[in-house]
Amino acid sequence: MSPTRWRSLAILVLPFVAAVVAGCASPATPAPVASAAAPVASASVAVASVSGDPACQGTSVALGGMLVTTNPNVSVALPPGWRATPMSEFRRLLVAVSENLPDPLLKRAMDWELAEIDSGTIRAAALGISRPSCAGVSMFLAIRPSATSVEDAVAAWRAHSAERGLPETVQPTEMVDLPIGRAGRLTRTAHPPGAIPSQSTEYIVLLPNHQVAILAGTSPASDTEFPALVDAAAQSMRGD
């Protein structure tokens, strides 16, 4: 991909590595929309806002799909218009983005994410749209080793995810009761270099077998509606 083409894309790809590279795009020059209605080209998932259209042009209003893992069996109902993405496709997207990242700190964070996929920690992913920016965003479902309590699971996840190395602000953990079980809700605001701030909403759930399921989604920090999407998805979580 040429440097000119790369600069024309707004990059908002993954939970934890969610950023719009400065100068990539503006509301007046929208990038392609990653919608549930069409396949997503590598390195083109992220989008700038669609000028003047709060409904987000090109997006689907179809019912969302499901995120599913086995051993343990965990499922999550996705928001309307979202689509589950094969992990091979998700990883190809990451690699394409990582090869063009302009900052070593962002590349380190992306490498951390790739390692989570390769280790089998991140097991399912989905793509969708965040409003009101109309940015292309993602959500993932991960499985971590066993913990003795939700509090221990949250502490272990916070320590592990800090290895990404991105500057961020983490709000105090909220303890919540979901249909699937007790969970900790984390809210982060990341401040990647040369990029817009992003917000992540994460649920760390202690499963009956004491394994840990993590549902995480990220959007531009200005998208005030996005955390409610993740909250609704968390309420739909089911497992054995």
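Each reported figure results from applying straightforward, stated rules to the coordinates on display, with no laboratory input. Predicted model, so just to flag it, every value in this text is computed and none were measured. Backbone-built Cβ (ideal geometry, glycine too); neighbour counts: all protein chains shown.
Odds and ends about this structure:
- What the Cβ-Cβ distance of T121 and N100 gives, at R0 = 25 Å and to the nearest 0.05, is a FRET efficiency of 0.55.
- Distance between region 215-235 and region 159-194 - C-alpha centres, whole angstrom: 12
- Label-to-label distance, nm, for residues given as D152 and H210 (7 Å Cα→Cβ offset): 0.6
- Packing-based exposure ordering (other Cβ within 10 Å, fewest first) of F226, F90: F90, F226
- Per-residue packing, averaged as other Cβ atoms within 10 Å, sorts the ranges 169-181, 209-221, 185-197 into the order 209-221, 185-197, 169-181, beginning with the highest.
- Annotation: peptides 72-85, 152-165, 126-139, ranked by per-residue average of other Cβ atoms within 10 Å with the highest first, follow the order 126-139, 72-85, 152-165.
- Judged by the gyration tensor of its Cα atoms, with axes a ≥ b ≥ c, region 147-240 is oblate; a/c meets the 1.5 cut and b/c is at least as large as a/b.
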